[in-house]
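Structure first, commentary second.
The values are calculated or read from the model by the stated rules, or taken from the named source; none is laboratory data. Values in this document were obtained by computation on a predicted structure and should not be read as measured data. Cβ atoms come from the backbone with ideal geometry, glycine included; neighbour counts cover every protein chain shown.
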């Protein structure tokens, strides 16, 4: 799939929040082979969202550490 850009991650999040995702049931699988396209789309979406989750979690951790450091620094400078 290659490198996943910020634009790809944002598009994937938008799709999840505001669009209806394809549903794959056992009946659909038994009837025809068209479910393979839907499965491929869902798989690609899950890869992008997995990447986004790790990226955004890392950003949150770094932000939390920076805010803790800034709070500590502020506290010691103004005591």
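Which of (1) within 22 Å of residue 12 (Cβ to Cβ); (2) without any contact (Cβ under 8 Å) to a residue 12 or more places away in the chain does residue 42 not meet, given it meets every other one?
Unmet condition: (2).
Show the residue pairs meeting these rules: Cβ distance below 9 Å; 6+ apart or different chains; first residue within the range 3-14 and under 15 Å from residue 41 (Cβ atoms); second residue modelled with pLDDT under 90 and not in a helix (DSSP H, G or I).
12/4
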